[in-house]
Amino acid sequence: MIKGEKYRITVLTDRLIRLEYSESSEFTDGLTQTVFNRDFDETEYELERDGDKIRLETGSLILNYDGKPFSSVGLSIELKDFGTVWHYGVIFGNSDGNYGGTARTLDETDGFVKLTPGIFGENGYAVLDDSASPVFDGREFSSREDTGLDLYFFGYGRDFLGGLKAFYRLTGKTPMIPRYALGNWWSRYFRYTEESYTELLDRFKEEGIPLSVAVIDMDWHITDPDPKYGTGWTGYTWDKECFPDHRRFLKRLKEYGLKTTLNLHPADGIRAFEAMYKKVCERMGVDPASEEVIEHDLSDPVYRKAYFEDVLHPYEDDGVDFWWIDWQQGTGRKENEVDPLLLLNHFHYKDMEEQKKRPMIFSRFAGAGSHRYPIGFSGDTVSTWRSLDFQPYFTSTASNIGYGWWSHDIGGHMRGDKDNERLIRWIEYGVFSPVMRIHSSNSPFFNKEPWTLEEPYRGIMKEFMCLRHRLVPYLYTASYDAYTDDRPVIQPLYYGYPDDPEAYGCPNSFLFGPSLIVAPVTEPVDKSLRLAAVSCYIPKGRFVDIFTGTVYEGPVKRKLYRPLDRIPVLLKAGGILPEDKEDRENGVKNPSGLKILFGAGDDGSYSLYEDDGESMDYLNGGYVTTDISFKWDEDSCTVTVSPAKGDLLLIPGKRDYEFMICGAGPDKDKADAFIIRDGVKERLYSIDTDGDKNFIKVACDGVDTDKGVIISVEGIHLAENDKKKRVFEILDRAWTDIKIKEDVNAALNESPSDEEFLKKLGTLNVPEILKDAVGEFF
């Protein structure tokens, strides 16, 4: 730390510097809402002084400071390898080039909202302002007394993952979430009864659509109290008319294999009509006969104890697993009040932690540092294409402030119009978002139950909701990577390809775990082409779409076209994607069968993570890892599933495997597969080739998980797209002039090369969108 009378400069890493200035010479040494740790490894730097002036140089930065109040001429930091210089307080044009972080809420928004800053920018730097955040003494939060500046300069250039590691070390790690959070959540603002909710779950079971979380919105509690008490927005007493025996109801949800969360609007406090009012009054020293409102104030330790022990814990004992904290009243009613949302998030999370549960809350973003309290509830969006189009960008960009667990109202919450195509596109995006939670307002016209839709929407919705549960092994491993290695599950495309300028130009394409690029479709189908387009950047390398088998060679930026039942989901060469073979049952137990997809064309490795899904035992070795590797050769490949390591009682003793080699085909209509035991190859007869989709499938059942298996597939090659067939499919699908179709088809069949075809296509009187769709395969 370099100190002056009114300033302090702390070198945390060679690219992270804390800058403080205070006219009163008062500084903050303790923790804050944002900062939970400043204990970093020692960093070497060179310091030169010239009177009051300072020149400080680390391996990556050069800081110059004149010793006076921070100013644009007196404080600057140069990024040595990036060629840019930050000047305090200077904004170039209308922007400081910040890539953005996230927002507190999307309530009532219809499309784009301004984001709070993140820790990265196009100039290679960003500043995190911690000047106004409350301080934390380890037990309580309080407003700051000093009024100075407290800034953290991040100069990580394009090293996004390095910057995130430093951020998480400064602010605390992203915790492990329970496995059940990764399945389908059913949520609706609706006055359910025990009977109607049971009928709902029976119908989901009948339809073969799995769920993992049952969300009960505010109508679980009394919503029509005597008007003298105010509105029924806040409530803590079960509505006996709807749920005559809430314990029986919660027990039934457990029998369905579901976890349960209840909605809370705590702003109006605890009022006299509540069942626990008398008990709370006794703890608070209030005469129950007075019917005085017990104000909601989690900064009061006595109230806090009453809130958790007298109000919430009894319901948790009855079967409530976590709470949906629906705070909508802003950042406080009094001057210098600590944001009630921060207090709700922190103390709810800590309460679960103190009970030795794996904590998870469901609440809004309360500012930088909120990633310590997953999961985020983005709020009540308007149901429009604009809202859908904003959410993929919003979700991935939140990684720039370390916030990796957003949950959206899939399908939109309110208003808008009825549009089943848009609902399906939202569902498809939801399956490839951090949390898949369908939700809507209490309008009788806002129905998202799959069986209320006509075909083909109904079937597509079911297909994708089942896919979500198949993806849980991949998602849960990614959540473990987020905890251990500081890699958010969803990342902007530029995280993986930081030196590629095009990776910054497709905001709705993102990395989904370590193996996939996803580009959700967020616009309607073209009426004549009967396909919808999404702009996508495909980086250098080979990728294959897991739905269609289409092979892409990057780098290329273009629109990709998909029918209603597909979106681009691209598996990179060497990428490995494990899926659960079971996709009809509620819950998210460790699978007895795995389907594993491999991207042909390169080697790859992966470590599957599993534990009990909801306890803290993983901290003491209660987990299992299974290493999976893929070796690609010119005409063969080898899949190795290593023996599982760890507490093997957590997983089945035997597993059925289906291996899918994506982007490969057989040499002579027939590939051969062998299982290798002790170096000896034994032929497998359970092999299937799907030339239409460029997939090779090999089944191997009954594998001992403590022994693993090695499979060799021979007589194969890298597949190429059947361009004539793909183009014919586009033409056949399109509702356009037959003569146009015939002209394009003739040009394709008569051209001696791709180049000649594309040249001829350019001369035809054909709609430009059709030309572009055809060009996707060339």
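The values are calculated or read from the model by the stated rules, or taken from the named source; none is laboratory data. Worth saying up front: this structure is predicted, and the values here are computed from it rather than measured. Virtual Cβ from ideal backbone geometry, glycine too; neighbours counted across all protein chains shown. What goes into the accessible areas is simple: the full protein's heavy atoms, side chains included, and nothing from ligands, DNA or RNA. Shrake-Rupley method; radii C 1.70, N 1.55, O 1.52, S 1.80 Å.
If the condition is being in contact with a Lys or Arg (Cβ under 8 Å, 6 or more places away or on another chain), without any contact (Cβ under 8 Å) to a residue 40 or more places away in the chain and either open to solvent by less than 60 Å² (accessible area, probe 1.4 Å) or more than 26 Å from residue 552 (Cα to Cα) (or both), then the stretch 656-698 contributes 675, 687, 689. Flag: residue 574 does not match the condition of being touching a Lys or Arg at 6+ places or on another chain (Cβ under 6 Å), buried (at least 20 other Cβ atoms within 10 Å of the Cβ), of a type in the set (Gly, Ala, Ser) and in a loop (DSSP other than H, G, I, E, B).
In the stretch 335-357, which residues are over 19 Å from residue 34 (Cβ atoms) and either open to solvent by less than 20 Å² (accessible area, probe 1.4 Å) or touching a residue at least 60 places away in the same chain (Cβ under 8 Å) (or both)? Those that are over 19 Å from residue 34 (Cβ atoms) and either open to solvent by less than 20 Å² (accessible area, probe 1.4 Å) or touching a residue at least 60 places away in the same chain (Cβ under 8 Å) (or both): 351, 352, 356, 357.
So that you can scan it fast, the table gives a plain yes or no per residue for (1) more than 20 Å from residue 576 (Cβ to Cβ); (2) under 38 Å from the mean Cα position of the chain (by Cα); (3) not aromatic (Phe, Trp, Tyr):
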| residue | (1), (2), (3) |
| --- | --- |
| 645 | no, yes, yes |
| 650 | yes, yes, yes |
| 658 | no, yes, yes |
| 662 | no, yes, yes |
| 668 | yes, no, yes |
| 673 | no, yes, yes |
| 677 | yes, no, yes |
| 681 | yes, no, yes |
| 687 | no, yes, yes |
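Within the bounds of the stretch 535-548, is there any residue that is open to solvent by less than 10 Å² (accessible area, probe 1.4 Å), under 30 Å from residue 611 (Cβ atoms) and not charged (D, E, K, R)? No, every residue in the stretch 535-548 fails to be open to solvent by less than 10 Å² (accessible area, probe 1.4 Å), under 30 Å from residue 611 (Cβ atoms) and not charged (D, E, K, R).
Just one of the listed residues (96, 130) is charged (D, E, K, R) and either modelled with pLDDT of 95 or more or open to solvent by less than 10 Å² (accessible area, probe 1.4 Å) (or both), namely 130. Within the stretch 499-524, the set of residues being closer than 21 Å to residue 553 by Cβ and either of a type in the set (Val, Ile, Thr) or assigned to a loop (DSSP other than H, G, I, E, B) (or both) comprises 499, 500, 505, 506, 509, 514, 515, 517, 518, 519.
Residue 399 - would you say it is open to solvent by less than 10 Å² (accessible area, probe 1.4 Å), under 12 Å from residue 106 (Cβ atoms) and part of a helix (DSSP H, G or I)?
Details: open to solvent by less than 10 Å² (accessible area, probe 1.4 Å): yes; under 12 Å from residue 106 (Cβ atoms): no; part of a helix (DSSP H, G or I): yes.
Judged against the criteria, residue 399 is not a match.
The residues of the stretch 71-81 that are surrounded by fewer than 17 Cβ atoms within 10 Å (Cβ to Cβ) and either touching a residue at least 24 places away in the same chain (Cβ under 8 Å) or hydrophobic (A, V, I, L, M, F, W, C) (or both), listed by number, are 73, 81. Note on the stretch 407-448: residues that are in a helix (DSSP H, G or I), under 17 Å from residue 185 (Cα atoms) and open to solvent by 10 Å² or more (accessible area, probe 1.4 Å) total 1. Residue 598 satisfies every condition listed in (1) open to solvent by less than 10 Å² (accessible area, probe 1.4 Å); (2) within 18 Å of residue 491 (Cα to Cα); (3) among the hydrophobic types (A, V, I, L, M, F, W, C) except (2).
Yes/no matrix, rows are residues, columns are (1) more than 22 Å from the chain's Cα centre (by Cα); (2) more than 28 Å from residue 210 (Cα to Cα); (3) open to solvent by 10 Å² or more (accessible area, probe 1.4 Å):
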{"site": "553", "(1), (2), (3)": "yes, yes, yes"}
{"site": "556", "(1), (2), (3)": "yes, yes, yes"}
{"site": "564", "(1), (2), (3)": "yes, no, yes"}
{"site": "581", "(1), (2), (3)": "yes, no, yes"}
{"site": "602", "(1), (2), (3)": "yes, yes, yes"}
{"site": "609", "(1), (2), (3)": "no, no, no"}
{"site": "614", "(1), (2), (3)": "no, no, yes"}
{"site": "621", "(1), (2), (3)": "yes, yes, yes"}
{"site": "625", "(1), (2), (3)": "yes, no, yes"}
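Quick one: how many residues across the stretch 150-192 are among the aromatic types (Phe, Trp, Tyr) and in a helix (DSSP H, G or I)? Break it down stepwise before answering.
First, pick out the residues of the stretch 150-192 that are among the aromatic types (Phe, Trp, Tyr): 152-154, 156, 160, 167-168, 180, 185-186, 189-190, 192.
Adding the requirement that they be in a helix (DSSP H, G or I) leaves 160, 167-168, 180.
Of the residues in that region, 4 qualify.
Collect the residues in the stretch 104-126 that are of a type outside the set (Asp, Glu) and surrounded by fewer than 21 Cβ atoms within 10 Å (Cβ to Cβ), keeping them in residue-number order.
Quick first cut of the stretch 104-126, residues of a type outside the set (Asp, Glu) only: 104-106, 109, 111-121, 123-126.
104, 105, 109, 111, 112, 113, 114, 115, 116, 117, 123, listed by residue number.
Within the stretch 381-393, the set of residues being over 16 Å from residue 121 (Cα atoms) and assigned to a helix (DSSP H, G or I) comprises 385, 386, 387, 388, 389, 390, 391, 392.
Are there helices (runs of 4 or more DSSP H) fully within the stretch 193-300 with at least 1 residues that are under 33 Å from the mean Cα position of the chain (by Cα), of a type outside the set (D, E, K, R) and buried (at least 16 other Cβ atoms within 10 Å of the Cβ)? List them. Step through it out loud before you land on a result.
Working: elements: 194-207, 246-255, 277-284.
In the stretch 193-300, the matching helices (runs of 4 or more DSSP H) lie at 194-207, 246-255.
In the stretch 743-756, the residues that are at pLDDT 95 or above form Cβ pairs under 9 Å with partners that are surrounded by 13 or more Cβ atoms within 10 Å (Cβ to Cβ) and small (Gly, Ala, Ser), at six or more places apart or across chains, as follows: 756/747. Within the span defined as the stretch 367-376, one or more residues are open to solvent by 10 Å² or more (accessible area, probe 1.4 Å) and outside any loop (DSSP other than H, G, I, E, B). Test of understanding: among 18, 55, which residue is touching a strand residue (DSSP E or B) at 6+ places or on another chain (Cβ under 6 Å) and farther than 30 Å from residue 145 by Cβ? Checking each option against the conditions leaves just 55.
I need the full set of residues from the stretch 25-37 which are open to solvent by less than 60 Å² (accessible area, probe 1.4 Å), in contact (Cβ under 8 Å) with a residue 60 or more places away in the chain and over 27 Å from the mean Cα position of the chain (by Cα), in order please.
Those that are open to solvent by less than 60 Å² (accessible area, probe 1.4 Å), in contact (Cβ under 8 Å) with a residue 60 or more places away in the chain and over 27 Å from the mean Cα position of the chain (by Cα): 27, 28, 30, 31.
Is there a residue in the stretch 48-60 that is among the basic types (Lys, Arg), modelled with pLDDT of 95 or more, open to solvent by 20 Å² or more (accessible area, probe 1.4 Å) and not in a strand (DSSP E or B)? So far as the stretch 48-60 goes, no, none of its residues is among the basic types (Lys, Arg), modelled with pLDDT of 95 or more, open to solvent by 20 Å² or more (accessible area, probe 1.4 Å) and not in a strand (DSSP E or B). Only one of the numbered conditions (1) part of a loop (DSSP other than H, G, I, E, B); (2) touching a residue at least 40 places away in the same chain (Cβ under 8 Å) is not met by residue 86, and that is (1). When 193, 171, 231 are checked against the criterion of being modelled with pLDDT of 95 or more, touching a Cys at 6+ places or on another chain (Cβ under 7 Å) and over 23 Å from residue 411 (Cα atoms), a single residue qualifies: 193. When the stretch 481-498 is filtered for residues that are buried (at least 20 other Cβ atoms within 10 Å of the Cβ), assigned to a helix (DSSP H, G or I) and not aliphatic (A, V, I, L, M), the ones remaining, listed by number, are 494, 495.
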